[in-house]
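To start, the structure under review is shown below, and the notes come after it.
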Amino acid sequence: MRNLSIVCILMLMLPLQSCGQGTNSIKEKYLNSYQLIKKYDYQPRFYLDLNSYNCSYEVLINDMPAFSFYSSGNIGGATYPVSSFILKSGKQTITIRVFPEVDDDDKMASFLRAKNSGLEVKVVAGDNDKEKPEEYKLLFRYKTPVVQQDSVPYLEFTGVFDATTPNQLKGWSESQDLKKEDKTQLKKEVLAFYTRYRELLAAGKMEEIAGLVYNREVEVQQAMFFDKPADATDLWNRFAEIKNYHLDMLPLEHYELRFFGNGKVVGLIRTDDELRGESAMTGVANDKYRIYSLLLHKPAGSRQLQVIR
């Protein structure tokens with residue numbers, strides 16, 4: 001049973017070699033970062049709209065992990081932001097993987113429930129400042145077919161949808177194909193990166209992390225069109241909040257190396273029952289799991305891993 005509540009936190013960073021700026025200058029950069037966000041007449045944000053019962057699942061957009069659910073219970077009318085996985089206008093891919101339900105002890109059943117399990121996934125988009133959620137455009141909808149037999153262990157669907165956004169984010173679009181590298185060596189590099197990042201979190205060195213993640217955070221802010229001074233203040237204050245958690249970091253264990261972004265992105269993902277599908281960068285504070293997204297890439301021309309999402 002997942003005795004601890006899970007809080008997933010998007011914590012992004014640039015290469016660990018980039019540290020060295022003072023706290024005051026970093027704070028100033030963050031508080032002024034809203035000035036870097038480009039503004040447009042229409043600023044759509046993208047969301048998943050989810051309904052499910054008696055199943056677990058994961059959703060990938062452009063082969064990036066947008067959402068996963070490996071807990072007991074059902075989901076009804078839940079929305080989740082996915083703007084940072086849509087880099088520019090055009091066709092976007094979506095992959096939906098449906099697995100059997102998970103019980104209260106985090107054990108996954110062998111098969112999907114026949115005629116009693118299902119998932120509906122929608123992608124919607126709208127400008128929060130100009131439209132109400134019920135006015136958002138429906139870009140994509142998928143509903144799992146009725147499972148007729150008790151021997152179906154897994155369903156997968158891949159489709160496309162069109163998205164229109166004024167953004168043109170670089171993201172992982174020009175990154176190197178990591179699947180072409182020696183997997184053993186790559187895994188060592190990824191583990192070393194995770195180990196160092198874990199040390200920073202455990203030591204509460206959030207000012208240092210803030211300096212490391214600055215450029216990445218600005219891109220995510222652009223994806224969400226967070227262009228107000230209050231948005232920048234909230235972003236900076238988040239680091240102090242994390243420091244105040246006094247995190248007890250879990251060991252780096254029970255994970256596998258997984259590729260995303262069509263081989264351009266990599267991460268360590270938990271495989272144990274209790275934290276199945278979550279980032280291996282996990283701590284505990286106030287009786288809650290604090291899970292930090294940590295997906296890496298190598299930009300074109302670079303030999304160093306950097307955080308991308």
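The values are calculated or read from the model by the stated rules, or taken from the named source; none is laboratory data. The structure displayed is predicted, hence computed values, not measured ones. Note: ideal-geometry Cβ built from the backbone for every residue, glycine included; neighbour counts use all protein chains shown.
In the condition set (1) buried (at least 18 other Cβ atoms within 10 Å of the Cβ); (2) modelled with pLDDT under 95; (3) hydrophobic (A, V, I, L, M, F, W, C), Ala280 is compliant with all but (2). If you go through the range 97-138 and pick out every residue that is among the small types (Gly, Ala, Ser) and surrounded by fewer than 19 Cβ atoms within 10 Å (Cβ to Cβ), you end up with 3.
Answer with yes or no whether Glu207 is more than 27 Å from Gln168 (Cβ to Cβ) and at pLDDT below 95. Full working, then the answer.
Numbers: more than 27 Å from Gln168 (Cβ to Cβ): yes; at pLDDT below 95: yes.
In short, yes.
Scanning the range 78-100 for residues that are small (Gly, Ala, Ser), at pLDDT 95 or above and not in a loop (DSSP other than H, G, I, E, B), we see that the one that is farthest from Arg309 (Cα to Cα) is Gly90.
It is to be established whether one or more residues within the range 165-180 are assigned to a helix (DSSP H, G or I), more than 20 Å from the chain's Cα centre (by Cα) and farther than 20 Å from Gln92 by Cα. Even if it seems obvious, please write down each step before you answer.
First pass over the range 165-180, keeping only residues assigned to a helix (DSSP H, G or I): 178-180.
When the remaining residues are screened for being more than 20 Å from the chain's Cα centre (by Cα), the result is 179-180.
Now drop any that are not farther than 20 Å from Gln92 by Cα, which leaves 179-180.
Within the range 165-180 (the criterion being assigned to a helix (DSSP H, G or I), more than 20 Å from the chain's Cα centre (by Cα) and farther than 20 Å from Gln92 by Cα), the answer is yes, since at least one residue qualifies.
Within the range 223-272, being more than 18 Å from the chain's Cα centre (by Cα), aliphatic (A, V, I, L, M) and part of a strand (DSSP E or B) holds for one residue alone: Met249. All told, Pro299 falls short of being surrounded by fewer than 19 Cβ atoms within 10 Å (Cβ to Cβ), out of contact with any Cys (no Cβ under 6 Å at 6 or more places or on another chain) and closer than 30 Å to Asp105 by Cβ. Summed over the range 21-46, residues that are touching an Asp or Glu at 6+ places or on another chain (Cβ under 8 Å), among the hydrophobic types (A, V, I, L, M, F, W, C) and modelled with pLDDT of 95 or more total 1.
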